[in-house]
Amino acid sequence: MKICLFGGTFNPPHLGHLIIAQTIFEAENFDKIIFIPANISPHKKNKKTSRIDMRVKMLDLAIKDNPNFELSDIEMARGGVSYSYETIITFKNNNNIATNDLYYLIGSDTLKNFHQWKNSKKILNECKLIVAIRPGFNPSDIPNWILSNVQFSNIPRIEISSSIIRERWKNGKTIRYMVTQPVWKYINDNKLFIK
């Protein structure tokens, strides 16, 4: 099986996440895209995020109707800070999957800081890094040892982010057409992002 892991905070998961995942799924002929919400993101340790169980629930609501997508609570189960290298190794061991069949999806904006990730060189030995190109990406900003080990994929330009959604919600503005209806209902019922 050809699998792509898609990690993130998903606070909340939005249509941009789903469009990127579906586009990558079709372009690369994956068997599954596995969404993995971070327990504690190493890049957002000092930022307040919704509880992991709430983010898992929102993600489950967002992807449940798509048979190409799956949710993994691997980082929630492990607890602590969610390092991608540990997740990749655990996923490979738990699912008996070969390095050549495992991909890890990140955005080109994230690729700029990939060299600072914990065990970044080891990550490149354990899976294939697939990068969704976003506007303004300049490959000359990326070290060659990374560039030579990634696969690029073009995605539609989508101007949606979780931070914009949270800000709009706090200010009483609609987030319709930014998240799925079940996610909107969950946010509303649980009064998320208000404080």
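The values are calculated or read from the model by the stated rules, or taken from the named source; none is laboratory data. Predicted, not measured: the structure shown is a model, and the values here were computed from it. Surface areas here come from the heavy atoms of the whole protein model, side chains and all, with no ligands, DNA or RNA. Shrake-Rupley method; radii C 1.70, N 1.55, O 1.52, S 1.80 Å.
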Query raised in the report: Which sequence of V150, V183 reflects their accessible areas, 1.4 Å probe, from the largest down?
Result: V150, V183
Report summary line: Of the accessible area of the chain, computed with a 1.4 Å probe and all protein chains kept, carbon and sulfur make up a percent value of 47 percent
Requested in this report: For the chain, report the accessible area per residue in Å² (1.4 Å probe, heavy atoms, rounded to an integer).
Outcome: 53 Å²
Query - Cα Rg over Rh - the range 5-69, Kirkwood - result: 0.99
Report summary line: Shape call for the range 104-195, from the Cα gyration tensor axes a ≥ b ≥ c (a/c under 1.5 means rounded, otherwise prolate when a/b beats b/c, else oblate), comes out prolate
Report summary line: By the C-alpha gyration tensor axes a ≥ b ≥ c (rounded if a/c is under 1.5, else prolate when a/b exceeds b/c, else oblate), the shape of the range 39-142 is rounded
Query raised in the report: Taking only C-alpha pairs under 8 Å that are 6+ residues apart, what is the relative contact order of the chain in percent?
Result: 26 percent
Requested in this report: Show the residues, 5+ positions off or on another chain, whose built amide H is closer than 5 Å to the amide H of N190.
Outcome: none
Report summary line: Summing -39500 (n - 2.57) over every DSSP H run of at least 4 residues in the chain and dividing by its residue count gives a helix-only mean residue ellipticity at 222 nm, to the nearest 500 deg cm²/dmol, of -10500 deg cm²/dmol
Query raised in the report: Is the chain best put as rounded, prolate or oblate by its Cα gyration tensor, with a ≥ b ≥ c the root eigenvalues, rounded for a/c under 1.5, and otherwise prolate when a/b is larger than b/c, oblate when not?
Result: prolate
Query raised in the report: Could you give the distance between the Cα centres of the range 1-50 and the range 150-176, to the whole Å?
Result: 13 Å
Requested in this report: List, in order, the whole-Hz ³J(HN,Hα) value for each residue of the range 49-63 obtained from phi through the Karplus relation with A = 6.51, B = -1.76, C = 1.60 and θ = phi - 60°; use x for Gly and Pro.
Outcome: 10, 5, 4, 4, 5, 6, 5, 5, 4, 4, 5, 4, 5, 5, 10
Report summary line: Interchain or sequence-distant (5+) residues whose placed amide H lies within less than 5 Å of the amide H of F152 are V131
